[in-house]
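The block underneath contains the structure these notes are about, expressed in structure tokens.
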Amino acid sequence: MIRSLLIAVIASAAGAAAVGLIYGAEGAVTTFYLVAPVAVTVLLIAHWAARHRARIGGISRQLALAILLVVASILVTVWIGADRMFLSDHDAAVISLMAAVIGLVALRVGQVLHAGIAADVDRIRAGLERIGEGDRAAADLPVGPDELGEIAADITSMTSRLAAEERRRDEAETARRDLVAAVSHDLRTPIASLRLMTEAIADGVATGETRERYLSELRLQVRTLGDLVDDLFELSRIEAEDINWVMGQIELEPLLNETVDVMRVQGEARGVNVVAELSGEPVAARANPEKVQRVLFNLIQNAIRYTPADGSVTVRARHLDGQVAVEVEDNGTGIDGEDAPHVFEPFFRGGPDTSRSSDGSGLGLALSRAIVEAHGGRIWFESTGSGTVMRFTLQQEAAA
């Protein structure tokens, strides 16, 4: 408001100075004292109207009030000039008539402009109603460089973000339901087996060799359930970014040799040869050794599972595009094309094993991907025509 009052005073002073050039200093002073109150009054009314827009009504009424204030100020100023003999009565009448005509034309101009504005406002209102009802297309919104066009563009952008967020929410909800179903399935079978075997042992039905076999199976099932729970817990912590790993420089070749030595026994039990093919060149990466070894265990175990007897699993480490790449290659059955997009999904088991009866929790590759990505690397696979290469990268240790 202070700025408006300053404008009124400065404009009145400028007009008075112009009159003073014709009628002298007395005319200038008289003009200022007559015109300044009109200008100040009109601007005060305008500020009052701006604060009480809801009482005035729609945009058309606000435009009409603005035009009325301008025309009224012209008429008052003209008749003040006539009263003080700056203008003749004839001149004042002519100017008043001209101001009235221009006021009517301005009012019509305001109505024409308001019609377009009102139409755009109605389109925006209708679009918001559709968005509120769940329609994320947000079509038929006004387009243009004016403020309403900018608002419509913001609404379109907001709707796109909202639709994307809803898609992510729906995907997350679907993934959650699938996860619950998969966990329930993987828990139901071993728990049922545990219940039956413990009841058989407790009732004395299982004796001798059968009892020993049941006890061995009980230990295996309990270990499987423990591994499943551990993997689920680890995966959920990584996805929640609850990571407290100690990272440092590790030499990969000793780690690969140690892992291969451990997994060689499991491979021999299936008739699969597990070897480390290392160049002897130092290969270092910044990582957590326990987590990297866990990835290796998962990849090698998975390769052994799908490699036929007399096959082989080969582990390598090398530099690749400024990073360190670790790969596990097998000459097994390969990955079916339809399974490829889902390989790293939790609980996914590809191939003909639709009954989910194979060993393993189905979390190994999903957990491996989470660990690798938490290290800033990536994991992928390539088909060789006679098997599969699982490969993941780690950040190379920066030079000191």
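The values are calculated or read from the model by the stated rules, or taken from the named source; none is laboratory data. Worth saying up front: this structure is predicted, and the values here are computed from it rather than measured. Cβ placement follows ideal geometry from the backbone for every residue including glycine, while neighbour counts extend to all protein chains displayed.
Summary table
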quantity: Residue 213 basic (Lys, Arg), over 30 Å from residue 373 (Cα atoms) and at pLDDT 80 or above; calculated: yes
quantity: So residue 166, is it within 30 Å of residue 363 (Cβ to Cβ), assigned to a helix (DSSP H, G or I), modelled with pLDDT of 75 or more and not assigned by TED's automatic domain parsing to the domain that holds residue 65; calculated: yes
quantity: Answer residue from the stretch 296-319, given it is β-branched (Val, Ile, Thr) and part of a helix (DSSP H, G or I) and is farthest from residue 252 (Cα to Cα) among those; calculated: 304
quantity: Some residue of the stretch 78-86 being over 29 Å from residue 120 (Cβ atoms), part of a helix (DSSP H, G or I) and either at pLDDT 75 or above or not assigned by TED's automatic domain parsing to the domain that holds residue 120 (or both); calculated: no
quantity: Residue match in the stretch 274-297 (condition: free of Cβ contacts under 8 Å to residues at least 60 places away in the same chain, of a type outside the set (Phe, Trp, Tyr), exposed (fewer than 14 other Cβ atoms within 10 Å of the Cβ) and closer than 23 Å to residue 370 by Cα); calculated: yes
quantity: Checking residue 275 against (1) part of a helix (DSSP H, G or I); (2) farther than 23 Å from residue 366 by Cβ; (3) touching a Ser or Thr at 6+ places or on another chain (Cβ under 6 Å), the condition it does not meet; calculated: (1)
quantity: Whichever residue in the stretch 150-194 is of a type in the set (S, T, N, Q) and surrounded by 12 or more Cβ atoms within 10 Å (Cβ to Cβ) and, among such residues, is farthest from residue 125 (Cα to Cα); calculated: 193
quantity: Residue match in the stretch 355-370 (condition: in contact with a Pro (Cβ under 7 Å, 6 or more places away or on another chain), closer than 18 Å to residue 314 by Cβ and modelled with pLDDT under 90); calculated: no
quantity: Pick from the stretch 248-269, criterion touching a strand residue (DSSP E or B) at 6+ places or on another chain (Cβ under 6 Å), surrounded by 15 or more Cβ atoms within 10 Å (Cβ to Cβ) and in contact (Cβ under 8 Å) with a residue 40 or more places away in the chain, ranking: nearest to residue 305 (Cα to Cα); calculated: 267
quantity: Pick from the stretch 122-138, criterion surrounded by 11 or more Cβ atoms within 10 Å (Cβ to Cβ) and either assigned to a loop (DSSP other than H, G, I, E, B) or in contact with a Phe, Trp or Tyr (Cβ under 8 Å, 6 or more places away or on another chain) (or both), ranking: modelled with the highest pLDDT; calculated: 135
quantity: All positions within the stretch 142-170 that are farther than 17 Å from residue 132 by Cβ and touching an Asp or Glu at 6+ places or on another chain (Cβ under 9 Å); calculated: 142, 144, 146, 148, 149
quantity: Verdict on residue 210 being farther than 20 Å from residue 347 by Cβ, among the polar types (S, T, N, Q) and surrounded by 10 or more Cβ atoms within 10 Å (Cβ to Cβ); calculated: yes
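Conditions (1) part of a loop (DSSP other than H, G, I, E, B); (2) of a type outside the set (Ser, Thr, Tyr); (3) at pLDDT 70 or above, marked per residue:
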{"residue": "3", "(1), (2), (3)": "no, yes, yes"}
{"residue": "17", "(1), (2), (3)": "no, yes, yes"}
{"residue": "29", "(1), (2), (3)": "no, yes, yes"}
{"residue": "33", "(1), (2), (3)": "no, no, no"}
{"residue": "54", "(1), (2), (3)": "no, yes, no"}
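Every residue, every condition in (1) in contact with a Lys or Arg (Cβ under 7 Å, 6 or more places away or on another chain); (2) of a type in the set (Gly, Ala, Ser); (3) modelled with pLDDT under 90, yes or no:
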| residue | (1), (2), (3) |
| --- | --- |
| 230 | no, no, yes |
| 233 | no, no, yes |
| 242 | no, no, yes |
| 246 | no, no, yes |
| 250 | no, no, no |
| 267 | no, yes, no |
| 280 | no, yes, yes |
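Yes/no matrix, rows are residues, columns are (1) within 24 Å of residue 63 (Cβ to Cβ); (2) not aliphatic (A, V, I, L, M):
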{"site": "126", "(1), (2)": "yes, no"}
{"site": "134", "(1), (2)": "no, yes"}
{"site": "144", "(1), (2)": "yes, yes"}
{"site": "160", "(1), (2)": "no, yes"}
